[in-house]
1. Taking Cα pairs under 8 Å and at least six residues apart, what relative contact order does the chain come out at, in percent?
2. Taking the Cβ of each residue in TYR394, TYR400, TYR85 as the centre, tally the other Cβ atoms inside 10 Å and list the residues starting with the fewest.
3. Positive end of the dipole of the chain, charges at C-beta (+1 Lys, Arg; -1 Asp, Glu), about the Cα centre: which of ILE390, ALA287, GLN139 has its Cα farthest in that direction?
4. Please state, rounded to one decimal and in Å, the Kirkwood hydrodynamic radius that the chain gives when every pair of distinct Cα atoms enters the mean of 1/r.
5. Under a 10 Å cutoff between Cα atoms, tell me which one of ARG161, ARG332, ARG319 has the largest fluctuation in the Gaussian network model of the chain.
6. Determine the distance separating the Cα centre of segment 38-92 from the Cα centre of segment 357-418; give it in Å without decimals.
7. Need the full-extension length gain, HIS158 to GLN13, defined as separation in residues times 0.36 nm minus the C-alpha distance. One decimal, nm.
8. What ratio of Cα Rg to 2.2 N^0.38 Å holds for segment 22-228?
Amino acid sequence: MDKFKIQGGAALQGTLPVSGAKNSALPALAASLLTEDEVLLTRIPQVKDIKTMEGLVEYTGAELKDDGGRVTIRAANLATPEAPYEIVKTMRASSLVLGPLVARTGRARVSMPGGCAIGARPINLHVLALEKLGATIEQSHGYVEAQAPNGLRGGAIHFDRITVTGTEDVLMAAVLARGETVITNAAREPEVADLAELLMKMGANIQGAGTSTIRVQGVERLHGAEHAIIPDRIEAGTFMLAAAITHGNVLITGCVTEHVAALTAKMRLAGAEVTEESPASLRVRCASRPLAVDMTTEEYPGFATDLQAQYMAWMTTARGISFITETIFENRFMHTQELARMGATIRIEGRQAIVAGESVLTGAQVIASDLRASASLVLAGLAAKGETAIDRVYHIDRGYENIEIKLAAAGALIERVK
Ligand code: EPU
């Protein structure tokens with residue numbers, strides 16, 4: 001199993017380029033199952049979760065070719081409209097194929113995801129929404145089986161709670177349903193809007209994606225299209241915090257500055273200098289310890305839960321005490337134990353972490369527990385005195401493209417040990 005070795009203390013300098021968004025590429029790959037024509041997706045990040053989704057797309061019967069992030073998919077025949085347990089257990093986002101498969105073939109069989117390191121991850125809201133579109137759904141033997149032999153029909157869907165992949169799943173089903181679908185309390189994440197862009201290029205009729213009410217007029221069939229995935233805002237945010245925690249001066253390129261506005265606002269309050277050099281690039285400078293600034297995770301456009309762990313790593317070095325509240329997932333504080341091994345003082349009270357500042361982080365052997373937790377350990381390692389060894393970096397490989405190569409090019413002393 002690969003490890004990262006990091007010698008802390010080097011201030012990051014230079015440029016950090018951002019890759020395509022994993023969480024946009026995943027639904028885009030699922031959406032390619034909605035047409036028998038060829039779909040060409042570009043800027044697909046070369047990360048493990050994408051390879052898993054590509055494997056799933058092929059498993060259903062589609063042909064797929066990934067030429068270094070330029071992916072062509074042709075789903076002429078979907079002989080196996082199914083997501084087996086073996087695939088779903090390694091990646092919960094596999095449930096994104098439920099909507100497209102039932103819309104396209106009239107049936108789908110998808111393993112139910114179990115819990116994971118960050119929380120329960122149920123898909124009950126996906127199921128309820130698809131039932132509103134006329135699918136008959138049975139759950140047994142750990143699988144969700146959806147049937148709609150005569151096709152789906154439009155309906156009114158109100159999400160009880162905002163769900164990103166739930167919104168995406170039902171949007172992909174609604175585009176081929178007969179009549180109008182109105183989704184309220186929809187997720188407003190940029191990844192939902194990006195998926196709608198792709199679907200519209202494929203011939204779908206969608207209004208309001210990116211807002212909390214989405215209207216879809218179903219069409220009979222979709223056709224092929226070409227689409228470039230949006231930049232990864234979580235990778236961009238991780239790099240912004242890497243620049244700040246190392247007291248560096250870094251230009252982050254190829255991002256959408258608007259997508260990281262909530263982080264930018266917090267970082268400025270804490271004393272970092274964040275300058276928008278263009279709508280697609282940001283310079284982050286931070287010469288000293290930040291001030292402690294409280295933060296609560298929220299759905300977009302609020303502060304992303306996927307940046308909570310990395311922000312906490314930075315706050316362990318702050319002047320003062322910060323209160324970090326996690327509202328999206330119930331168990332997303334696994335990184336605090338490992339940060340504590342590096343010298344941080346953090347107390348957890350329910351959904352809140354109370355982070356004492358001015359920690360002198362020191363290098364230690366730590367274990368990555370999930371994707372974003374691993375990123376926070378990398379940031380802490382970059383700032384710590386001495387050597388940090390991070391075990392189980394396969395977690396980071398699920399969602400960050402060549403992170404150690406990018407960081408090393410900006411001056412970080414980080415290497416992968418096989
Ligand atoms: N929820 C339900 N029932 C459902 C669906 C969700 O109760 O049917 C609950 C969840 O348990 C959670 C909350 O609703 O407490 C929000 O979950 P959501 O469905 O929005 O999360 P997701 O769609 O499974 C996506 C990202 C996550 C990101 C969350 C929140 C993808 C592939 N995944 O997950 O990304 O944390 O939205 O923004 O888009 C990551 O990249 O590291 C990652 C975990």
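1. 21
2. Numbers: TYR394 13, TYR400 27, TYR85 16.
So the ranking, lowest neighbour count to highest, is TYR394, TYR85, TYR400.
3. ALA287
4. Details: mean 1/r = 0.0460 Å⁻¹.
Over the chain, the inverse of the mean reciprocal pair distance is 21.7 Å.
5. ARG161
6. 29
7. Working: separation 145, 0.36 × 145 = 52.20 nm, distance 4.67 nm.
The span from HIS158 to GLN13 would gain 47.5 nm if fully extended.
8. Details: Rg = 15.1 Å, N = 207, 2.2 N^0.38 = 16.7 Å.
For segment 22-228, the normalised Cα radius of gyration is 0.90.
Here, each number is a calculation from the coordinates, and none is a lab measurement. Please read all numbers here as calculations on a predicted model, not as lab measurements. Every residue, glycine as well, gets a Cβ built from its backbone with ideal geometry; the counts of neighbours run over all protein chains shown.
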